[in-house]
Amino acid sequence: MCKHILNAQVSIRAPCCKKWFDCPECHAEATDHELRKTNELIFLCKKCKKAFRKDVNDYEDEDEFCPHCDNHYVVEAKTPIAALGVEGDDARMDNRMLKDERAKPQVSSVFDKDDYDGRLG
């Protein structure tokens, strides 16, 4: 699991050490050598768990999808960002604070006083 890119769709095999990494930063943290550049990349799709090769020189728009499961793996990377927020009680834990705004259906009963005349014949 990559902590640098939150929505990584594929793992890439590093040509220098033959290990799988989600991003170059993960490779730099885990190893003591630099990432070797290559023209042929080996990907591992995280959806179907199958490996495939792509040549960087012949890369086209159609190559943004896994050839096995058609998963779109070239997406805009989402990186984690620190955010400040107001801390408070979780509203899901104490649902007494939440009001149900839905209209409740009117259920008629045998004991409703409004409709006695129609029932007694």
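The values are calculated or read from the model by the stated rules, or taken from the named source; none is laboratory data. Given the structure is predicted, the values throughout are model-derived calculations rather than measurements. For neighbour counting, all protein chains shown are included, and Cβ atoms are generated from backbone atoms with ideal geometry for every residue, glycine included. Accessible surface areas use protein heavy atoms only, side chains included; no ligands, DNA or RNA. Shrake-Rupley method; radii C 1.70, N 1.55, O 1.52, S 1.80 Å.
Applying the criterion of being closer than 24 Å to THR79 by Cβ and of a type in the set (Lys, Arg) to the residues of the stretch 11-51, the residue that is surrounded by the most Cβ atoms within 10 Å (Cβ to Cβ) is ARG13.
Residues that are under 19 Å from ILE5 (Cβ atoms) and in a strand (DSSP E or B) were ranked within the stretch 52-81; the one that is least open to solvent (accessible area, probe 1.4 Å) is LYS54. Considering the stretch 1-57 alone, what residues qualify as being touching a strand residue (DSSP E or B) at 6+ places or on another chain (Cβ under 6 Å) and of a type in the set (Asp, Glu)? Answer for the stretch 1-57, where residues must be touching a strand residue (DSSP E or B) at 6+ places or on another chain (Cβ under 6 Å) and of a type in the set (Asp, Glu): ASP22, GLU40, ASP55.
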